[in-house]
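The values are calculated or read from the model by the stated rules, or taken from the named source; none is laboratory data. For clarity, every value in this text was computed on a predicted model and none was experimentally measured. Don't worry about glycine lacking a Cβ; one is built from the backbone with ideal geometry, like all the others, and counts go over all protein chains shown. Quick note on the areas: whole protein, heavy atoms, side chains included, nothing else; ligands and nucleic acids left out. Shrake-Rupley method; radii C 1.70, N 1.55, O 1.52, S 1.80 Å.
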Amino acid sequence: MAPEGMDLLKSKVVPGAFHTADANYDAPKCHPNTRVAILDEIMAWLDDTNDSHRAMWMRGAAGAGKSAIARTIAQMCEEQGRLSCSFFFSRTAADIKRSDEKYLVATLAYQMAENIPEFRCHITTAMLNNQFIFDLSLDTQIDKLITTPLSYLSDLWSTPVFPKIIIIDGLDECRNKDAQSALVNAFVAALARMNHNFPHKLLIASRPEQNIQSAFGDRDLAPFLRQLPLDSSWKPDDDIRSFLVDNLAKIRDTHPLRKIIPLDWPALCDIEKLVEKSSGQFIYAATVSKYIQSPRQHPVESLRIIVELVKDAKNQPYAELDALYTYIFASTEDSDLVLQILRVHLMPVVTPLVDLPTSEILLIRRLLDLGEGNVELTLTDLSSIVEIESARIKFLHASLPDFLLDETRAGRFYANSNSICVHLFCRCLFYISKYKFPKGLTLSYSIFNDALGHFADSIREAPSEIHDAFSDCDMKASLKVASELAGRTIPMASFLRFILREVFLRHCCPAWSTSFFMQLLFSTENHLHFKHPISR
């Protein structure tokens with residue numbers, strides 16, 4: 001590919017979304033001798049050149065093992081030279097671009113240019129003919145960078161070749177829900193138009209979210225689409241049992257306390273109880289294994305605790321998984337601090353437009369006034385579900401933020417509680433008002449300002465803690481913050497009005513600032529919904 005074409009394409013590529021990326025090195029793949037029937041089904045569909053179903057939707061609940069299957073298929077196809085490209089969406093990854101559809105087509109096209117040498121010159125031409133192609137619609141990008149170049153290649157083969165595969169995993173983790181539906185329609189339609197001499201098939205894996213179901217339910221797509229539900233017909237209990245037997249045996253033989261672990265551990269009845277608790281969710285079995293293998297705890301005792309955990313019968317279908325998460329959080333030394341740390345990490349999940357800095361741990365330390373290493377120490381007890389990688393927090397499964405942000409599931413470990421958001425808002429206010437931000441610092445003022453607005457939007461009731469936080473600020477800081485919050489409709493509106501008045505009365509304002517202050521006060525009233533107007 002011409003250097004200028006490659007440079008333009010590279011600028012929109014997300015290497016972390018490749019199935020071979022370093023960030024995905026330890027990502028789950030299918031355990032040996034498990035999911036065999038599903039893998040065979042997918043490969044048989046891919047091998048069938050007469051099958052008109054150009055796309056397959058593999059759907060299943062959180063924790064059903066979709067990503068592990070998709071990664072295993074990607075690895076198998078790569079070994080056979082039949083993987084064209086892949087994109088693994090993730091809303092818990094350190095790189096926020098992995099949840100942004102704007103980078104999907106470029107990332108796929110780049111891999112195709114690397115994996116199919118004949119493809120490169122055609123995509124170079126497409127890039128050079130329209131250097132603003134990534135500002136165009138998804139349909140246009142797919143047509144110009146994937147479908148059209150592949151159609152040129154079909155003329156090189158007089159007879160059909162074995163189909164290659166495009167894999168898109170975690171479509172439900174794309175933050176733009178409208179884009180999720182658009183991607184389904186655009187890709188399936190594009191594949192349906194392709195020449196059969198150089199066929200490609202598309203595997204999409206996702207949860208069965210309503211908007212995605214609607215997109216795949218389009219009658220026009222039906223002739224080209226095959227659906228693969230990960231339901232009980234695939235007998236997941238057998239695979240989960242095999243996974244647990246192998247993993248717990250490995251723990252018995254390799255754990256630091258292995259010399260005092262009985263050779264007949266674990267008991268088969270305990271394995272069966274874990275299988276039953278898994279309810280077909282591989283994430284439960286994987287989380288249990290990681291929890292039991294912790295060198296900080298005795299595996300025998302850890303297994304006993306998990307087996308005896310009582311689920312909340314009202315909270316189906318994730319009752320067992322939630323009981324496990326609840327126990328893990330309850331076992332931490334300072335669950336309040338843990339939740340504050342994780343709530344900062346969850347900012348992009350709650351508000352997709354918020355981006356965390358690469359030095360996420362430093363932001364958390366500054367915000368919560370923690371010493372070096374304290375974030376890592378605080379999260380040590382969560383090693384089975386949370387990791388810290390390159391100064392950023394990483395959730396080991398997408399089901400964890402689902403749990404933390406659902407009050408009915410998380411209960412007292414609800415991370416988006418009003419008290420947590422109020423506390424973090426006050427910490428942002430304190431930091432902004434007390435510290436200067438000269439140029440060249442790792443963390444800029446805008447990061448804390450964005451966090452301030454984010455937590456202000458999340459507050460549902462404004463307690464006296466907010467008033468106290470403003471009272472500790474000087475007038476200049478209070479006015480600046482109030483001005484920046486003025487454009488937001490937040491429940492603390494009446495509090496903000498009162499605080500502005502008090503700041504004004506508490507300080508002796510020079511004459512030149514009085515008019516500015518009153519103008520700000522009236523401006524704030526217009527933006528915020530006050531129950532009672534400010535008297536002039």
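Selection of the range 281-308 for residues being under 14 Å from P28 (Cβ atoms) and in contact with a Lys or Arg (Cβ under 7 Å, 6 or more places away or on another chain) yields only Y284. For the range 196-223, the set of residues classified as over 26 Å from G280 (Cβ atoms) and in a helix (DSSP H, G or I) consists of R219, D220, L221, A222, P223, listed by residue number.
Looking at the range 398-420, which of its residues are among the basic types (K, R) and either in contact with a helix residue (DSSP H, G or I) (Cβ under 6 Å, 6 or more places away or on another chain) or open to solvent by less than 50 Å² (accessible area, probe 1.4 Å) (or both)? Residue satisfying the conditions is R409 alone. In the range 30-41, the condition of being out of contact with any helix residue (DSSP H, G or I) (no Cβ under 7 Å at 6 or more places or on another chain), closer than 20 Å to I212 by Cα, among the hydrophobic types (A, V, I, L, M, F, W, C) and open to solvent by 20 Å² or more (accessible area, probe 1.4 Å) is met by no residue.
Could you check, for the range 422-436, whether at least one of its residues is closer than 28 Å to D169 by Cβ and among the hydrophobic types (A, V, I, L, M, F, W, C)? Checked the range 422-436: no residue is closer than 28 Å to D169 by Cβ and among the hydrophobic types (A, V, I, L, M, F, W, C).
Taking helices (runs of 4 or more DSSP H) as the structural unit, those lying wholly within the range 1-116 and holding at least 3 residues that are under 28 Å from M347 (Cα atoms) correspond to 66-79, 104-115. R226 falls short on exactly one of the conditions (1) out of contact with any Ser or Thr (no Cβ under 9 Å at 6 or more places or on another chain); (2) assigned to a helix (DSSP H, G or I); (3) surrounded by 12 or more Cβ atoms within 10 Å (Cβ to Cβ), and that condition is (2). Taking the range 277-337 as the region of interest, the helices (runs of 4 or more DSSP H) fully inside it that hold 2 or more residues being of a type in the set (S, T, N, Q), buried (at least 17 other Cβ atoms within 10 Å of the Cβ) and at pLDDT 85 or above are 282-292.
Here is the figure for the range 398-421: residues that are farther than 13 Å from F329 by Cβ, not in a loop (DSSP other than H, G, I, E, B) and not acidic (D, E) total 7. As a summary of the residue check, R175 satisfies the conditions (1) touching a Pro at 6+ places or on another chain (Cβ under 7 Å); (2) under 17 Å from A70 (Cβ atoms) except for the one numbered (2).
In the range 367-397, which residues are part of a loop (DSSP other than H, G, I, E, B), touching a helix residue (DSSP H, G or I) at 6+ places or on another chain (Cβ under 6 Å) and surrounded by 18 or more Cβ atoms within 10 Å (Cβ to Cβ)?
Correct list: S384, I385, H397.
Scanning the range 117-142 for residues that are under 22 Å from E173 (Cβ atoms) and part of a helix (DSSP H, G or I) yields a count of 5. The set of residues in the range 256-271 that are surrounded by fewer than 20 Cβ atoms within 10 Å (Cβ to Cβ), touching a helix residue (DSSP H, G or I) at 6+ places or on another chain (Cβ under 8 Å) and touching a residue at least 24 places away in the same chain (Cβ under 8 Å) comprises L257, I261, P262, W265, D270, I271. Of the residues that make up the range 243-253, is at least one touching a residue at least 60 places away in the same chain (Cβ under 8 Å) and either under 17 Å from K66 (Cβ atoms) or among the hydrophobic types (A, V, I, L, M, F, W, C) (or both)? Yes, some residue in the range 243-253 is touching a residue at least 60 places away in the same chain (Cβ under 8 Å) and either under 17 Å from K66 (Cβ atoms) or among the hydrophobic types (A, V, I, L, M, F, W, C) (or both).
Can you say whether S383 is modelled with pLDDT under 90 and over 13 Å from the mean Cα position of the chain (by Cα), as far as the supplied structure shows? Taking the combined requirement at face value, the residue satisfies it. For the range 177-192, check the following and say yes or no: at least one residue is within 25 Å of D40 (Cβ to Cβ), open to solvent by less than 30 Å² (accessible area, probe 1.4 Å) and in a loop (DSSP other than H, G, I, E, B). Checking the range 177-192: not a single residue is within 25 Å of D40 (Cβ to Cβ), open to solvent by less than 30 Å² (accessible area, probe 1.4 Å) and in a loop (DSSP other than H, G, I, E, B).
Residue count for the range 193-223 under the criterion of being among the aliphatic types (A, V, I, L, M), in contact (Cβ under 8 Å) with a residue 40 or more places away in the chain and open to solvent by 20 Å² or more (accessible area, probe 1.4 Å): the result is 0.
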